[in-house]
Amino acid sequence: MALILCPECGKEISDKAVSCPNCGSPINNSANQKFCQHCGEKIDKECVVCPKCGKQVGELSGSDKNIIINNSSSASAAASSSASSSVRGAAVYGIPKNKWVSLCLCIFLGYLGAHKFYEGKAGMGILYIFTMGLFGIGWIVDIISIAMKPNPYYV
């Protein structure tokens, strides 16, 4: 006799029990299901990763070494992000930029959008040129936001 976690209350119960003695929740001990050892959720017996908590609950077999786990809500977004990350290693993080260079450009030439050109945002840089840093308000907001960023930050 082994102890398992009740999927409702999380208390340890016998694996032979029909219902939990603590909360009364029915326990289905079918041959095709098991419980996650981390969260206690009832999962399929062949599961390698728990669908509730995302932790590994089993070992991969020899022929399944190239499994890709897709945890995103949109399959097309995941396909495009996995394709771009396999082509370019930096696609996941973006292009690293030095915080201090960007901050100096923003303080001294922010009204001309120099920091936006440094970040590769030419359209915003041109807009900053024609509006004198979005009438000074965008310039001040950018100084504060760049000062709060980590070094390096990714664009």
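The values are calculated or read from the model by the stated rules, or taken from the named source; none is laboratory data. Quick caveat: nothing in here was measured; it's all calculated off a predicted structure. A quick note on method: Cβ atoms are made from the backbone with ideal geometry, for glycine too, and the neighbour counts reach across all protein chains shown. We work out accessible area using only protein heavy atoms, side chains counted, and drop any ligands, DNA or RNA first. Shrake-Rupley method; radii C 1.70, N 1.55, O 1.52, S 1.80 Å.
See the values below:
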| quantity | calculated |
| --- | --- |
| Solvent-accessible ranking of C104, C6, largest area first, probe 1.4 Å | C104, C6 |
| Protein-only accessible surface order, largest first, of E12, E41, E59 at 1.4 Å | E59, E12, E41 |
| Distant-in-sequence amide H partners of F35 (H built 1.01 Å from N, under 5 Å) | I43 |
| Heavy-atom SASA rank of F117, F130, F35, F108 (probe 1.4 Å, accessible area, largest first) | F130, F108, F117, F35 |
| Inter-probe distance in nm under a simple model that places probes 7 Å from Cα toward Cβ, at I137 and K52 | 4.9 nm |
| Segment 92-155, accessible surface, carbon-and-sulfur percent (1.4 angstrom probe) | 78 percent |
| Those lysines that a straight Cα-Cα span of less than 23 Å connects to K34, excepting residues fewer than 8 apart in one chain | K11, K16, K42, K45, K52, K55, K65 |
| Estimated FRET transfer efficiency when R0 is 22 angstrom, pair I107-L127 (beta carbons, to 0.05) | 0.70 |
| Accessible surface of M124 - all protein chains present, 1.4 Å probe, nearest 10 Å² | 70 Å² |
| S19 - accessible surface, heavy atoms, 1.4 Å probe, Å² rounded to 10 | 60 Å² |
